[in-house]
Amino acid sequence: MNQQVNEAFEALRAHGSQVKKQHLRILFEQDPQRFQRFSAEACWILMDYSKSRITADTLPLLEKLAKAAGIEARRDAMYAGERINTTENRAVLHTALRNRSNTPVLLDGKDVMPDVNGVLAAIEKFTDAVRNGTRTGSTGKPFTDVVNIGIGGSDLGPRMVVRALSPDARRDLRVHFVANVDPSDMHDVLATLDPSTTLFVIASKTFTTMETMTNGRAARAWVADALGEDAVGAHFVAVSTNAKEVSAFGISTEEMFGFWDWVGGRYSLWSAIGLPIALSVGFAKFAELLDGAHQMDLHFKSAPILQNLPMLLGLLRVWEIDVMGSTTVALLPYDQRLELFTPHLQQVDMESNGKGVMLDGAPVVYGSGPVVWGSPGTNGQHAFHQLIHQGNRVIPCEFLLARHSRTPIGDGHQKLIANCLAQSEALMRGKNEAEVRAELTKQGLSGEALENLVPHKLFTGNRPSITFLYEQLDARTLGSITALYEHAIFVQGTCWNVNSFDQWGVELGKQLALPILDALTGGKTGTHDASRAGLLARIGS
Ligand code: F6P
């Protein structure tokens, strides 16, 4: 870790020991301008970070860290197609996929934009044909259902967007997702479908992933059994970087939508992996999603550090994790259609920054990614918010909230807003002993009964949160918010000097599954540790 970064962290920690002595409620009382001071706006998104545990002195120190860590230079290297994913020797160019300005993006001296635009044109042509009924199944009937078979980045991103943009979806073309190798996932989706009107998208960057290939073969057999082997071609398309394996599966490379090794799986919803999105909401809305992300890319590229939303979010996360001692972040959309946003971001964040070593292989000195979790409000309020309010860990919360519902019913949306704002206020302010006593007295309690209840009714407060407020959840806004989070994760990874674009940690489990599968299917019997042997004996291999 370079000396300037160490110094920046030391300065932050020294400052942090002072900030820890202050209470957010007091900071708000002292500064009526706190919201104006600690909020920023870009791409139709307002970021209120005034409820972070910071003072006016914190931001310049975070800016110093950003400079010392070279975030701007590394960001520019990413946009410029340098191979910043060093352990896989790959460029990281998901920003090129949504480069709606169409400016040249050079990789090893060659502009990637003609290839990107070519695939987008193919997606548009194909999705239009499916949606207008000219591309049909083998019996000539238009498709009524699409099943995306993929896992991880080939599932979570498009699944999240299709759910979020459901008001834009065609009701007569339903999109389903199968990811788990657990056959119940495939079974329960197929149980509702007619093979003659079902289109399968096999989505896999490598086209070798065990879950996806197993499910893909099961779907293929289902179609072949019902409609004959010759029907398979009409009911399957592929999204992949591996033309050879796609052909071997029996899908014509004419109907393979390609992408490239410089698209990380968890950053791939902007590529042809977004095909189910375009099928569901139409190519024009998919293009709006890309445009929203592009606007955020432009903002991330050009805005000064302390007015830059991804920079601010990333740096405030680093502050919470490295200085204030948090280990988790609750991502709480007050937006039911963002119910899959947290699972998607969980992969992007935890696969990107869940690292134990830095770029040079030495153990990490600072941070490394938080545990990201959460679910939509207000449901979470009746489930796990108890621990966030009164548990003995401080859990920074990130709230996402639309000003307007796209599909209002009665006063539900106002109640949603009221609850969201109340949650962050309760976390910030808490309820002190005097307030609890006054409240209980007003309720007619006194003496022992009152004394016994007081400690249970206390809220320490001083619990940080950030609120993102947007106009409404449309394709453009969703693109911007998702890109904001992607970049904020990159900012954190750069402060910690980890490679946010590899994922070697998923390999060991995959390797170990193979001899176990062998043992289960009566193949080679290898040596098993006592636990594996005991469990296999009970399972009955
Ligand atoms: O789980 C690891 C991983 O490589 C993810 O990063 C990726 O999104 C997922 O598997 C799926 O991979 P593929 O698209 O190659 O099937």
Study note, to complete from the structure: Checked against (1) open to solvent by less than 10 Å² (accessible area, probe 1.4 Å); (2) over 19 Å from Gly70 (Cβ atoms), Ser352 satisfies every condition except (2)
Exercise for review: All but one of (1) open to solvent by 20 Å² or more (accessible area, probe 1.4 Å); (2) farther than 24 Å from Ala11 by Cβ; (3) more than 16 Å from the ligand (Cβ to nearest atom); (4) touching a Lys or Arg at 6+ places or on another chain (Cβ under 9 Å) hold for Thr327, so report the exception by its number.
Suggested key: (2)
Review point. Taking the stated definitions as given, is Ala91 among the small types (Gly, Ala, Ser), under 21 Å from Lys205 (Cβ atoms) and away from the ligand (no atom under 16 Å from the Cβ)?
Key: yes
Review point. Are any of the residues in segment 273-291 within 16 Å of the ligand (Cβ to nearest atom), within 29 Å of the chain's Cα centre (by Cα), surrounded by fewer than 16 Cβ atoms within 10 Å (Cβ to Cβ) and at pLDDT 95 or above?
Key: no
Exercise for review: Out of Ala69, Ala56, Ala80, report the one residue that is under 18 Å from Leu298 (Cβ atoms) and either open to solvent by 60 Å² or more (accessible area, probe 1.4 Å) or at pLDDT 95 or above (or both).
Suggested key: Ala80
Study note, to complete from the structure: Exactly one of Gly493, Gly523 is closer than 30 Å to Met210 by Cβ, small (Gly, Ala, Ser), out of contact with any Phe, Trp or Tyr (no Cβ under 6 Å at 6 or more places or on another chain) and not in a helix (DSSP H, G or I), and that residue is Gly523
Practice item. Tell me, yes or no, whether segment 293-300 has at least one residue that is charged (D, E, K, R), open to solvent by less than 10 Å² (accessible area, probe 1.4 Å) and assigned to a helix (DSSP H, G or I). Key: yes
Point to revise | Residue among Gly233, Gly258 that alone is open to solvent by 10 Å² or more (accessible area, probe 1.4 Å) and more than 15 Å from the ligand (Cβ to nearest atom) | key: Gly233
Check your understanding: Taking strands (runs of 3 or more DSSP E) that fall entirely within segment 190-272, which contain at least 2 residues that are farther than 27 Å from Val506 by Cβ?
Key -> 198-203
Check your understanding: Quick check: anything in segment 381-404 in a strand (DSSP E or B) and more than 14 Å from Ser465 (Cβ to Cβ)?
Key -> yes
Review point. Can you name the condition, by its number, that Met210 falls short on among (1) more than 22 Å from the chain's Cα centre (by Cα); (2) away from the ligand (no atom under 16 Å from the Cβ)?
Key: (2)
Exercise for review: Sort through Asp168, Asp155 and tell me the only one that's of a type in the set (Asp, Glu) and under 23 Å from Gly258 (Cα atoms).
Suggested key: Asp155
Point to revise | Among residues of segment 307-347, those that are hydrophobic (A, V, I, L, M, F, W, C), in contact with a strand residue (DSSP E or B) (Cβ under 9 Å, 6 or more places away or on another chain) and not in a strand (DSSP E or B), counted | key: 8
Revision key, fill the gap. When every residue in segment 125-158 that is in a strand (DSSP E or B) and away from the ligand (no atom under 16 Å from the Cβ) is compared, the one surrounded by the most Cβ atoms within 10 Å (Cβ to Cβ) is Val146
Exercise for review: Can you tell me which residue among Leu450, Leu473, Leu440, Leu445 is outside the structural domain of Val348 (by TED's automatic domain parsing), surrounded by 15 or more Cβ atoms within 10 Å (Cβ to Cβ) and part of a loop (DSSP other than H, G, I, E, B)?
Suggested key: Leu445
Exercise for review: For Asp185, work out the one condition from (1) part of a helix (DSSP H, G or I); (2) within 16 Å of the ligand (Cβ to nearest atom); (3) open to solvent by 10 Å² or more (accessible area, probe 1.4 Å); (4) touching a residue at least 60 places away in the same chain (Cβ under 8 Å) it doesn't fulfil.
Suggested key: (4)
Study note, to complete from the structure: Among Gly526, Gly493, the single one that is more than 22 Å from Asp182 (Cβ to Cβ) and not assigned by TED's automatic domain parsing to the domain that holds Leu400 is Gly526
**Study point:** Among (1) within 17 Å of the chain's Cα centre (by Cα); (2) modelled with pLDDT of 95 or more - the single one Gly325 does not satisfy
**Key:** (1)
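The values are calculated or read from the model by the stated rules, or taken from the named source; none is laboratory data. As the structure is a computational prediction, the values presented were derived from the model and not from experiment. FYI the Cβ positions are ideal-geometry reconstructions off the backbone, even for glycines, and counts take in every protein chain you see. To get the accessible areas, we keep the full protein, side chains included, count just its heavy atoms, and leave off ligands, DNA and RNA. Shrake-Rupley method; radii C 1.70, N 1.55, O 1.52, S 1.80 Å.
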